[in-house]
Amino acid sequence: MSTLHGFWIAVTDNRVFDGIVTRHLVTHGDIIAINAFYKSDSYSFSDIVSRLKVESPTVRVLFYTWAGRKPPGADLIGAIPTLEDMDRRRRFLLKDRSGHVLTILVGGREFIVLDPRLPEAREWLSDRVRTVADLVESDGVALDSAIRSPRFRSRISGNRKDYSPAFDSMIAGVTARTPLTIFNNLSARSDQEQLLAFAPGASIERFGLNDNIARAPTFAADIEPYVDVLGRNPLKTFLVYGRASRNRTPYTTYDQDWQWQRYLYCAYLLGAGHNTRWKQHAGFLTSPFGGRANGLEVYADALHDLGTALGDYTLEDGCYRRTFERGLVLVVPSESRRRTTVLIGRPMFTLEGTRVTGKLTVAPGEGHLLLQRPPVRPSALSREFNPRANPRWRWSSLRQESSEWYLHLDRTRDDDESEHDLALDLVRYRSPRGLATLWYRTTDPSARVETVVEVDDTKVTARFVLIDGSLATGRGGDPRQGQFRGIPPRASQFFRVPVIGGGTPMTSDGRWHTLVMDLDAACASSRRYRFRRGLFTRLLGMLDIKRMRLDSKRIPVTKRASVTR
């Protein structure tokens, strides 16, 4: 099977978890940690858990909270209801040397902190985690900021030497009350690895890159220590996150991001096992403030079935290699000063389908994954609508006509237009699929489609643009909000998305039509953007849709389908 993923997802709107996204998540992963709202008008946290469990009864869903920290004013499930009265329990909180409640700053955000040296504080946290796990019917908890020996220890009152052992006891207490506890912030420091004695597993948040520090990433500091941790702990569960930069500068193209993430994936495979899960992204948010890949997406590189590893990795002439039943992984560290030539003992194939035999040269910072058989070309993406594939949107209903299913969409509220956002390529492919075809009918003259796409920008500024089908190709418009199934915060790169015309207005005569949207051509006509991937299509107005297809080449279509009105 393909590489199993472990998702850790943060949202600004619970509506992200519609029927399409939930099916995608359980298709590719079996552990899903979620930081979302406990209550929501559209999708409560327990509704999300239920949807995932319906799609896959074996999936393990974890709710998110902090390991004894709380930012005042936070409103997601990590704070409300999990830690909601922590502010009022002053006797449980850490105090500074002057006896005042200690506050710490992390990323410009203020936190208060439980004192793990107090048995009653530890018990309170364990009780709260168990209570909320029961309320939302989750399989456990994902603990963020689980730092065994934090820097702020120098500021606290009392015996500082007792802090780390007490923190161990706090994690152990939570673990005893939940089926699965995963703590975040497993770093290369051996001190953090000691927490594995008190929890079933951990996440490695910054595999390959820590964009919170200024130095360049290296294999020796940001990859190899983690690979070794995986090897030392075969009975623990690990969620490993290959990290790309979230910073808006320097600008990275789609291919540069892909090359980096392929390098990280190949490096992960050096230590991967039955107990590890993988994910690549620029951050956990479903609509990242910076960078490219979000918390939902997976890279197509990880979809190939390599089989079981045939032993541990080896290091030969500066190249790390590991052999699998159906593939071979090669990695040369980014800090290496020279290329390495590797002898390939049998004909193999790159992920792009190129046949490789004899010798292969691997450059510093490159990862190569070679397959024994040529890879299969990705099929077109098709979004169908029927009882087994229901997006479960508000202001929509599945209907049947002449034995065919279609989705009827009513108008949404003016402030809720993102409710009918249709996810497109949640799997990131190297080759663009820029031809979208929508089968629809409408009598609404205001009905239109907007598609948010990922691009390369010649001005090295924008990573995403919005294509408005009602505007003529080559025309532009004022920037708009373009976040998938939600309203973007002002700091988000989706708050002001550049707008270009798509030249695909809808026909409102009440008959079935086929709308072909050349997203690649729309971007090219701007003379600035190069199309790379379709994120989602926003369906606006009252209309019926039978299906949507996304492909890389033009397919024969009929102007009108044969459904009788």
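Consider Tyr320 carefully, then state whether it is hydroxyl-bearing (Ser, Thr, Tyr) and under 29 Å from Val455 (Cα atoms). In short, no.
Can you confirm whether Thr249 is polar (S, T, N, Q), without any contact (Cβ under 8 Å) to a residue 60 or more places away in the chain and outside the structural domain of Ala33 (by TED's automatic domain parsing)? Spelling it out, it is not the case that Thr249 is polar (S, T, N, Q), without any contact (Cβ under 8 Å) to a residue 60 or more places away in the chain and outside the structural domain of Ala33 (by TED's automatic domain parsing). The set of residues in the stretch 156-172 that are surrounded by fewer than 20 Cβ atoms within 10 Å (Cβ to Cβ), touching a residue at least 40 places away in the same chain (Cβ under 8 Å) and either acidic (Asp, Glu) or closer than 24 Å to Ala33 by Cα (or both) comprises Asp162, Ser169. Would you confirm whether or not the stretch 422-430 contains a residue that is part of a loop (DSSP other than H, G, I, E, B), at pLDDT 95 or above, assigned by TED's automatic domain parsing to the domain that holds Gly541 and within 21 Å of Ala447 (Cα to Cα)? Scanning the stretch 422-430 turns up at least one residue that is part of a loop (DSSP other than H, G, I, E, B), at pLDDT 95 or above, assigned by TED's automatic domain parsing to the domain that holds Gly541 and within 21 Å of Ala447 (Cα to Cα).
Within the stretch 371-405, being in a loop (DSSP other than H, G, I, E, B), among the basic types (Lys, Arg) and under 23 Å from the mean Cα position of the chain (by Cα) holds for one residue alone: Arg392. Only one of the listed residues (Ser379, Ser396) is touching a strand residue (DSSP E or B) at 6+ places or on another chain (Cβ under 9 Å), on the phi < 0 side of the Ramachandran plot, of a type in the set (Gly, Ala, Ser) and exposed (fewer than 15 other Cβ atoms within 10 Å of the Cβ). That residue is Ser379.
Filtering the stretch 477-514 down to residues that are within 25 Å of the chain's Cα centre (by Cα) and among the small types (Gly, Ala, Ser), which residue is surrounded by the fewest Cβ atoms within 10 Å (Cβ to Cβ)? That would be Ala491. I'm checking my understanding of the structure. Among residues of the stretch 293-328 that are hydrophobic (A, V, I, L, M, F, W, C) and more than 15 Å from the chain's Cα centre (by Cα), which one is farthest from Thr252 (Cα to Cα)? Taking the candidates together, the pick is Leu310. Is it the case, given these coordinates, that Thr341 is surrounded by fewer than 15 Cβ atoms within 10 Å (Cβ to Cβ), closer than 27 Å to Pro432 by Cβ and at pLDDT 95 or above? Against the criterion (surrounded by fewer than 15 Cβ atoms within 10 Å (Cβ to Cβ), closer than 27 Å to Pro432 by Cβ and at pLDDT 95 or above), Thr341 does not qualify. With respect to being of a type in the set (A, V, I, L, M, F, W, C), closer than 17 Å to Gly140 by Cα and either without any contact (Cβ under 8 Å) to a residue 24 or more places away in the chain or not in a loop (DSSP other than H, G, I, E, B) (or both), Val61 fits the description.
Matching residues to (1) assigned by TED's automatic domain parsing to the domain that holds Phe17; (2) surrounded by fewer than 17 Cβ atoms within 10 Å (Cβ to Cβ); (3) not hydrophobic (A, V, I, L, M, F, W, C):
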residue	(1), (2), (3)
Asn294	yes, no, yes
Arg326	no, yes, yes
Val329	no, no, no
Arg337	no, yes, yes
Met348	no, no, no
Leu351	no, no, no
Thr357	no, yes, yes
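Cβ-Cβ contacts under 8 Å between residues 6 or more apart (or on different chains), taken from a first residue in the stretch 290-318 that is within 30 Å of Ala462 (Cβ to Cβ) to a second residue that is of a type in the set (Gly, Ala, Ser) and surrounded by fewer than 17 Cβ atoms within 10 Å (Cβ to Cβ), are listed as Ala302/Ser2; Leu303/Ser2.
Of all residues in the stretch 526-544, those that are in the same structural domain as Ala423 (by TED's automatic domain parsing) have Cβ atoms under 6 Å from Cβ atoms of residues that are of a type in the set (S, T, N, Q), 6 or more apart or on another chain, in Arg528/Thr458; Thr537/Thr451; Gly541/Ser446; Leu543/Thr442. Filtering the stretch 434-475 to residues that are among the small types (Gly, Ala, Ser) and outside any loop (DSSP other than H, G, I, E, B) leaves only Ala436. Residues that are among the polar types (S, T, N, Q), buried (at least 22 other Cβ atoms within 10 Å of the Cβ), free of Cβ contacts under 8 Å to residues at least 40 places away in the same chain and closer than 26 Å to Asp425 by Cα do occur in the stretch 20-28, at least one of them. If the requirement is being within 30 Å of Ser336 (Cβ to Cβ) and assigned by TED's automatic domain parsing to the domain that holds Asp30, which of these qualifies: Gly271, Gly201, Gly173? Gly271 is the lone residue from the list that is within 30 Å of Ser336 (Cβ to Cβ) and assigned by TED's automatic domain parsing to the domain that holds Asp30. Inspect the stretch 37-48 for any residue being out of contact with any His (no Cβ under 9 Å at 6 or more places or on another chain), buried (at least 21 other Cβ atoms within 10 Å of the Cβ) and closer than 21 Å to Ser203 by Cα and give the result as yes or no. Scanning the stretch 37-48, I find no residue that is out of contact with any His (no Cβ under 9 Å at 6 or more places or on another chain), buried (at least 21 other Cβ atoms within 10 Å of the Cβ) and closer than 21 Å to Ser203 by Cα, so the answer is no. Taking the listed residues Ala176, Ala146, the one that is of a type in the set (A, V, I, L, M, F, W, C), surrounded by fewer than 23 Cβ atoms within 10 Å (Cβ to Cβ) and not in a strand (DSSP E or B) is Ala176, with no other qualifying. Of all the listed residues (Val113, Val141), the sole one being in a strand (DSSP E or B), without any contact (Cβ under 8 Å) to a residue 60 or more places away in the chain and crowded, with 22+ Cβ neighbours inside 10 Å is Val113.
The values are calculated or read from the model by the stated rules, or taken from the named source; none is laboratory data. Note that the structure is a prediction, hence the values are computed from the model and not measured. Because the Cβ atoms are built from the backbone with ideal geometry, glycine has one as well, and the counts that use them run over all protein chains shown.
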